[in-house]
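Here's the structure we're looking at; comments come further down.
Every number here is computed from the coordinates shown, using simple stated rules; none is lab data. Just so we're clear, the structure is a prediction, and the values are computed from it rather than from any experiment. Here the Cβ positions follow ideal geometry from the backbone for every residue, glycine too, while neighbour counts run over all protein chains shown.
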Amino acid sequence: MTPTTTKGAVRRPAARRGVMQRALAGPVLVAGDVNETSNGALRLGELLARRDRVNVHVLGTIRSLGFPVSAFAKIDAEAVEAGRRAQLLKELRQRVHRTVGRSALFSVDAATGSPARILAADAEERRSACILIGLAPLGTPERAGGEDEILQVASIANVPVVGVPADQEVLPKRALVALDFGESSRRSAMLALSLLATKSTLVLAHVEPDADLRALGQDGLAAIYESGVTALFERLINEMEGMDVTVETMLLKGDAAPSLLTEVASGAYDLVACGTQGVSALDRHFAGSVSTALLRGCSCSVLIAPPTGDDA
């Protein structure tokens, strides 16, 4: 079914003395990659670091050898792993220097183990604002691997994860936030706001189920739409008051993932944000994993915020 669209009134935060600063609440963690796929994530990290004066930590991971080295030769297995990490570290530094130059705002390290678990643990330890992971172009063989890594990290990390195209060179100027009005999607909206360049546009979009909710026994959910979602939009917009970003609202109707992808394809967005699936009635409307669909269908950067205690 073709989704329908209703655009809400545009909210332009009033110009005032002492405009609120949009800044990251912590450092940036970048998943290290020795090839060009990570270039966009490194550039975005540098732009955010310079703007907000935060550190960017590039962390590369290498999986443990799948067999005991000592079974084939009298070699110190740990020495072998240390050598592999040293080689990866050297290559990561070369990639960082080629992409963003030498900067005191960057640190680089390499670790052995599961990439998703290492990145999630490091982000928690550093209290990172987000994790940036490079994405190859849609349709390329390398793309699927990057998508899988992002989904794995997002499933266990306690901070938002951003998939960044390799050709990203500037801060995003136009972002779409898929809202289910849960805390996770609110979190995605606030981080998306902090990633935007000045004088940008943030579009808050909600997809209304194209169904008779009361007939389906969803009286509470039906009541939300009978009273309108305007108040829910306004509540979030009020948190952004005084910032140098134009905020728009959009109400779509249809199946969540197809409706959002249709809007993304026609809206010239360079960032799309969403929360991860929870267990509320609204979240179940986002069945089929909207975050996965957006990640696999968007050519722009995709931000996925993890569930919080209020979402679980």
Query raised in the report: What shape does region 94-199 have by the C-alpha gyration tensor, where a ≥ b ≥ c are the square roots of the eigenvalues, rounded means a/c under 1.5, and otherwise prolate means a/b greater than b/c and oblate the rest?
Result: rounded
**Report entry** Radius 14 Å from Cβ of THR37, net charge of other residues (Lys, Arg +1; Asp, Glu -1)
**Finding:** -4
Query - Pairwise FRET efficiency - ASP76 versus SER114, Cβ, R0 = 30 Å, nearest 0.05 - result: 0.85
Report summary line: Cross-link reach from LYS199 to aspartates and glutamates, straight Cα distance under 16 Å and at least 8 residues apart if same chain, gives GLU241, ASP244, GLU248, ASP270
Report summary line: Long-range amide H partners of GLU208, meaning residues 5 or more apart or on another chain whose placed amide H is closer than 5 Å, are LEU252, LYS253, GLY254
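For ASN35 and THR140, calculate 0.36 nm times their separation in residues minus their Cα-Cα distance, and state this gained length in nm to one decimal.
Here the answer is 36.4 nm.
May I ask for the equivalent-ellipsoid semi-axes of region 27-134, computed as the square root of five times each C-alpha gyration tensor eigenvalue and listed largest first in whole Å? Provide the component values of the computation, followed by the final result.
Numbers: eigenvalues 161, 42, 22 Å².
Output for region 27-134: semi-axes of 28, 15, 10 Å.
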